[in-house]
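Novice: Dumping the structure here so I can ask a few things about it.
The values are calculated or read from the model by the stated rules, or taken from the named source; none is laboratory data. What you are looking at is a predicted structure, and each value in this text was computed from that prediction instead of being measured. In this analysis, Cβ positions are derived from the backbone assuming ideal geometry, glycine residues included, and neighbour counts consider all displayed protein chains.
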């Protein structure tokens with residue numbers, strides 16, 4: 001493997017890590033953000049520091065926001081120590097305890113339901129739009145998708161080949177897990193559970209009430225017991241929760257009358273195990289060894305010894321889970337909640353944690369398949385700077401000791417690229433594997449674009465605004481076209497680069513695309529034929545590329561410190577080295593009239609070149625750290641530069657007089673862009689914060 005090939009593989013791993021859900025090896029300090037409906041206001045920034053000069057601008061912060069990634073759903077693989085976390089528009093699968101990211105997927109909407117198939121290697125989700133998606137974890141690919149599944153209830157059968165999905169039309173679909181093909185429809189709006197042999201399915205005729213965690217079935221007629229093989233309803237059960245089975249095949253059913261009965265599988269005789277005539281039974285759980293039954297009713301939990309029917313203890317209701325071997329029970333009690341693990345053999349508590357002041361609620365507890373890890377999903381004060389804001393979190397605790405090993409928190413997503421639409425009505429933002437749109441007009445924002453095949457590092461709109469190009473970390477370039485309704489669809493994929501694509505830009509006529517990659521090449525693509533037209537080689541990774549305003553020249557900069565000019569010829573390409581420097585060059589931009597060429601350098605300077613004469617005119621100092629982003633205003637009067645220090649500099653052109661300088665200390669600036677009318681400057685930071693400044 002060549003050096004640059006090896007290098008970008010390492011870089012890709014780092015990028016994936018940065019784009020993942022925020023995970024901390026825990027310490028007493030909690031960081032993150034907390035609200036549920038991004039974007040939201042962020043802390044006020046200090047006013048920009050402005051030099052005393054007649055040319056000074058007066059930048060005014062018009063808007064500041066960030067889109068959060070929330071750990072909203074979780075699921076353990078039933079066979080492996082894999083934890084799946086679904087966030088706002090992403091799904092992550094981690095190996096526990098190594099925290100290695102096994103797979104990463106993006107979605108066009110929030111994930112409402114998440115479940116592993118029985119084989120433990122396929123993950124199924126339902127989005128808030130009603131779309132079902134299935135992903136293979138070993139292959140890291142989407143296997144199928146079905147957009148017509150509005151409803152509630154997603155249950156994996158003990159048979160790895162079958163999946164039960166609720167539908168709003170009142171019929172549960174049985175699907176092939178591998179393909180999503182419908183096997184048959186069975187009565188019921190929502191699946192609640194399978195029998196251990198997978199031959200029977202219990203469904204609820206009514207959809208789930210909104211806002212409840214694992215709600216019981218409120219239907220007055222009770223549950224339906226359905227034969228999976230035929231789809232026929234065998235029996236109506238007077239219950240709100242599905243039955244559970246002992247290892248010996250005994251069925252335990254909690255009735256609407258507040259009585260729990262067990263049925264002998266041999267003779268069919270029933271015996272009363274527990275009763276509370278006024279109780280509404282909300283959940284039944286049986287321990288893995290079949291010895292203990294946990295009953296949730298009203299505001300209490302009863303732990304019952306199955307053999308004798310004796311109540312071992314009764315506690316206030318809260319989320320609870322048996323360990324896989326049935327020897328321990330974890331539950332959350334009180335407000336703020338305390339986590340407790342009880343040894344079921346001795347009856348004593350193994351450990352108790354809390355209450356922790358920052359945790360407000362616990363919604364779910366789940367053990368890993370090997371019983372070593374306990375996942376806790378809840379809500380709490382995840383940002384100490386905003387104690388009034390409550391956000392979701394997921395904790396991973398060691399079951400043996402109660403030690404918290406990891407904490408997944410809401411986080412702002414790093415901004416890798418941004419750009420205004422040509423009409424100035426919206427701002428496109430590249431957040432890892434998702435392109436999101438922020439409306440700057442009265443109209444609604446376009447739906448987000450999940451990249452599906454990997455992380456994005458660069459984006460560009462075509463001059464007409466109907467096309468969008470996104471360069472991926474794995475090398476392909478994805479082309480999207482906008483429909484009149486605002487939806488973007490994949491038009492094609494440009495394949496050729498063997499490394500991350502750090503920059504893409506359209507030619508002025510919109511018919512060509514130039515790309516800069518870490519495979520040491522700049523490439524020019526014919527968009528009509530979706531083929532490579534020409535290639536210009538550097539001696540190291542290429543960071544940025546720009547077309548001249550007439551589309552005849554192409555400027556590119558790379559890690560070897562070279563500024564190149566390239567152009568197409570009848571025989572291929574011509575190239576000329578304009579300048580060489582002893583440091584990396586990260587950014588390049590032509591002035592709108594094509595006369596000047598600006599280069600952002602690793603030493604914190606901007607080198608201003610006379611593009612016509614081919615000579616360096618002046619050196620502009622932006623700061624002590626690398627300049628990573630450059631842009632000329634549309635009228636050519638201003639040059640903006642953003643640095644690794646998080647600072648922004650604006651110079652008047654062509655004099656190079658500093659007009660304004662401000663920033664976010666310690667927050668590297670990754671992208672900037674002027675609005676088409678030049679009145680606004682958009683900034684995108686590695687922290688995920690996006691700012692819109694008005695230049696007065």
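Novice: Please give the number of the condition residue 566 fails out of (1) surrounded by 19 or more Cβ atoms within 10 Å (Cβ to Cβ); (2) under 24 Å from residue 419 (Cα atoms).
Specialist: (2)
Novice: Being outside the structural domain of residue 550 (by TED's automatic domain parsing), crowded, with 21+ Cβ neighbours inside 10 Å and under 24 Å from residue 135 (Cα atoms) narrows it down to one residue among 473, 375; which is it?
Specialist: 375
Novice: Next up: Is the stretch 205-213 home to any residue that is assigned to a strand (DSSP E or B) and at pLDDT 80 or above?
Specialist: No, every residue in the stretch 205-213 fails to be assigned to a strand (DSSP E or B) and at pLDDT 80 or above.
Novice: Would you confirm, using the coordinates I've provided, whether residue 483 is surrounded by 17 or more Cβ atoms within 10 Å (Cβ to Cβ) and over 21 Å from the mean Cα position of the chain (by Cα)?
Specialist: no
Novice: Given the residues 427, 440, which is the only one that is at negative phi, more than 17 Å from the chain's Cα centre (by Cα), assigned by TED's automatic domain parsing to the domain that holds residue 683 and buried (at least 23 other Cβ atoms within 10 Å of the Cβ)?
Specialist: Of 427, 440, the one residue that is at negative phi, more than 17 Å from the chain's Cα centre (by Cα), assigned by TED's automatic domain parsing to the domain that holds residue 683 and buried (at least 23 other Cβ atoms within 10 Å of the Cβ) is 427.
Novice: For the structure I just gave you, tell me whether residue 619 is modelled with pLDDT under 90 and in contact with a strand residue (DSSP E or B) (Cβ under 7 Å, 6 or more places away or on another chain).
Specialist: No, not satisfied.
Novice: I would also like to ask the following. Select from the stretch 264-279 the residues that are modelled with pLDDT of 85 or more and under 46 Å from the mean Cα position of the chain (by Cα) and list them in ascending order.
Specialist: Within the stretch 264-279, 273, 274, 275, 276 meet the criteria.
Novice: Strands (runs of 3 or more DSSP E) wholly in the stretch 111-195 with at least 2 residues that are within 25 Å of residue 232 (Cα to Cα) and in the same structural domain as residue 233 (by TED's automatic domain parsing) - which ones?
Specialist: Strands (runs of 3 or more DSSP E) meeting the threshold: 154-156, 162-165, 171-176, 182-187, 190-194.
Novice: Just the residues that are at pLDDT 90 or above and outside any strand (DSSP E or B), please, taken from the stretch 299-309.
Specialist: Across the stretch 299-309, there are no qualifying residues.
Novice: Could you grab the pairs with beta carbons closer than 7 Å, sequence gap of 6+ or different chains, first residue in the stretch 529-555 and on the phi > 0 side of the Ramachandran plot, second one surrounded by fewer than 20 Cβ atoms within 10 Å (Cβ to Cβ)?
Specialist: 530/492; 551/508; 551/509
Novice: For residue 400, work out the one condition from (1) part of a strand (DSSP E or B); (2) surrounded by fewer than 21 Cβ atoms within 10 Å (Cβ to Cβ); (3) more than 22 Å from the chain's Cα centre (by Cα) it doesn't fulfil.
Specialist: Result: residue 400 passes all but (1).
Novice: Quick one: residue 262 ticks every box in (1) under 23 Å from residue 331 (Cβ atoms); (2) crowded, with 20+ Cβ neighbours inside 10 Å except a single one, so which number is it?
Specialist: Tallying (1) under 23 Å from residue 331 (Cβ atoms); (2) crowded, with 20+ Cβ neighbours inside 10 Å, residue 262 fails exactly one: (1).
Novice: How about the stretch 409-498: which strands (runs of 3 or more DSSP E) wholly inside it have at least 2 residues that are without any contact (Cβ under 8 Å) to a residue 24 or more places away in the chain and touching a strand residue (DSSP E or B) at 6+ places or on another chain (Cβ under 9 Å)?
Specialist: Answer list for the stretch 409-498: 434-439, 488-494.
Novice: Scan (1) on the phi > 0 side of the Ramachandran plot; (2) assigned by TED's automatic domain parsing to the domain that holds residue 657 for the single condition residue 61 breaks and write down its number.
Specialist: Tallying (1) on the phi > 0 side of the Ramachandran plot; (2) assigned by TED's automatic domain parsing to the domain that holds residue 657, residue 61 fails exactly one: (1).
Novice: Looking only at the stretch 346-355, count every residue that is farther than 12 Å from residue 397 by Cβ, assigned to a loop (DSSP other than H, G, I, E, B) and in contact with a strand residue (DSSP E or B) (Cβ under 9 Å, 6 or more places away or on another chain) and tell me the total.
Specialist: Qualifying residue count for the region: 3.
Novice: Here's something else I'd like to know. Could you tell me whether residue 318 is in contact (Cβ under 8 Å) with a residue 12 or more places away in the chain and within 24 Å of residue 196 (Cβ to Cβ)?
Specialist: When the stated conditions are applied, residue 318 does not pass them.
Novice: Sort out which residues of the stretch 73-107 are surrounded by fewer than 19 Cβ atoms within 10 Å (Cβ to Cβ) and closer than 25 Å to residue 446 by Cβ, and write them in order of number.
Specialist: Those that are surrounded by fewer than 19 Cβ atoms within 10 Å (Cβ to Cβ) and closer than 25 Å to residue 446 by Cβ: none in the stretch 73-107.
Novice: Would you confirm whether or not the stretch 679-686 contains a residue that is assigned by TED's automatic domain parsing to the domain that holds residue 61, closer than 15 Å to residue 58 by Cβ and assigned to a loop (DSSP other than H, G, I, E, B)?
Specialist: Checked the stretch 679-686: at least one residue is assigned by TED's automatic domain parsing to the domain that holds residue 61, closer than 15 Å to residue 58 by Cβ and assigned to a loop (DSSP other than H, G, I, E, B).
Novice: Same structure again: Check whether at least one residue in the stretch 497-513 is surrounded by fewer than 24 Cβ atoms within 10 Å (Cβ to Cβ) and farther than 27 Å from residue 576 by Cα, and report yes or no.
Specialist: No: the stretch 497-513 contains no residue that is surrounded by fewer than 24 Cβ atoms within 10 Å (Cβ to Cβ) and farther than 27 Å from residue 576 by Cα.
Novice: Please report, ordered by residue number, the strands (runs of 3 or more DSSP E) entirely within the stretch 57-105 with at least 2 residues that are closer than 23 Å to residue 136 by Cβ.
Specialist: Once the strands (runs of 3 or more DSSP E) in the stretch 57-105 are filtered for at least 2 residues that are closer than 23 Å to residue 136 by Cβ, what remains is 73-76, 82-86, 90-95.
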